[in-house]
1. Using Rg/Rh (Cα atoms, Kirkwood Rh) as the read-out, say which of (i) 1.11; (ii) 0.96; (iii) 0.99 was calculated from these coordinates.
2. Treating the angle as unsigned and between 0 and 90°, give the value, to the nearest 10°, between the Cα long axis of helix 300-333 and the longest Cα principal axis of the chain.
3. Using a simple charge model, +1 on the beta-carbon of Lys and Arg, -1 on the beta-carbon of Asp and Glu, nothing else, what dipole does the chain show about its Cα centre, in debye to the nearest 20?
4. Specify the angular offset, from 0 to 90 degrees and rounded to the nearest 10, of the alpha carbon long axis of helix 150-164 from the longest principal axis of the alpha carbons in the chain.
5. Quick check: the angle from helix 246-269's long axis to the longest principal axis of the chain, C-alpha only, nearest 10 degrees?
6. With only alpha-carbon atoms counted, please give the Rg and Dmax of segment 192-334, in Å.
7. Got a sec? Charge dipole of the chain, +1 on Cβ for Lys and Arg, -1 for Asp and Glu; which of N225, S210, G89 is way out at the positive end?
8. Only Lys, Arg, Asp and Glu count, each charged at its Cβ (+1, +1, -1, -1), so figure out the dipole size of segment 54-108 about its Cα centre, rounded to 20 debye.
Amino acid sequence: MAVAVAAGATGATKATHARRNAYIPEAGIRIGFPVMDRVRFWWAASRPFSFTASVVPVVVGTLLAGYHGEFTWWIALLALVGSVTIHAGTNFVNDFYDYKKGADSEDSLGPPGFIQRGLVAPRAVLSAGVLCFAAGSAIGIALVSVTSVELLWLGVVAVLAGFLYTGWPLHLAYLALGELTVFIFMGPVMVMGAYFVQTETWSMDAFIASLPIAFLVTAILQANNLRDIENDRRVGKRTLATLIGRRKANWEMYALLAGAYVTLVLGVAVGALPWPALIALVTAPAAAPIVRICAEGGNPKRLNLALMRSAQLHMRFGAVLALGLGVAVVLEAV
């Protein structure tokens, strides 16, 4: 890899030339000096396709607050931008440490990162992550200034979790704590945080409403870990899948998918969610192909499809749930 190899001046020159002239298909750009090309490059490197995982919980928490009669548009926008910025920082730090630990390489089953393709230096990716965390923290402080200092502690823990997910010194994703971290922080923490900045109250309703989202976002990670189980064992990365084995990990996947729909129904039954939220049940058939692919066995290429469909299910479920909440807001207003 051009950036990783520094064997003399000739190698360094070739690496620099490769970075300046490389074509990035997903960004639709050729790396050069123009500022907008560099902006598009770093946007693509942040893995924007993953941002639905941080957009969905903020939208759900905000709409639930709107259903309860509280909504300020610019606070909602700040919360959304802050959430995505922290997510981008987590992605950059994740790319850096996965590269350093050998979990992501040219032989990995997933799409190779920009470091692996020799398009950017590893330290630049780490620096981008730190800058994103700093920007997200600044947005968080702005939200604290217009709401309550109680939000500060949630923000501090969220930023630490984002960095320590793969970052030094804890590397949570390497200690079989990745699934729990994702469940908590991309479910209850985000939904309840988005609700709090609108209402300045911590709500059990928001917690219950977050559970379907938490189950589905964790299912995305579980699909990833099922696909990578052999590679993770090889590089010493411990996930729940590597610890309990593929068969039990498959059942964990099924439980996560079922948990989303069970908690949705229970949420409506106990009054935490309005009845139009049940429209999200229309996405349930999309879980069946994921179950079938996992049950087929351990073909990594097939499990790539399960990963993609898990991400799509999370996005579609979140979008339809948001639609149901939006309908409830309108019905409550008339």
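Values quoted throughout were computed directly from the atomic coordinates according to the rules given, and no laboratory measurement underlies them. This one's a predicted model, so the numbers in the text were calculated from it and none came from an experiment. With ideal geometry, Cβ positions are generated from the backbone for all residues, glycine too; neighbour counts draw on all protein chains shown.
1. From the options (i) 1.11; (ii) 0.96; (iii) 0.99, the structure gives (iii).
2. The angle comes out at about 30 degrees.
3. Numbers: 24 positive and 18 negative charges, 271 e Å.
Roughly 1300 debye for the chain.
4. On a 0 to 90 degree scale, this one is about 30.
5. Once rounded, one gets 30 degrees.
6. According to the Cα coordinates of segment 192-334, Rg and Dmax are 17.0, 59 Å.
7. The residue sitting most towards the positive pole is N225.
8. Details: 2 positive and 6 negative charges, 49 e Å.
Rounded to the nearest 20 debye, it is 240 debye.
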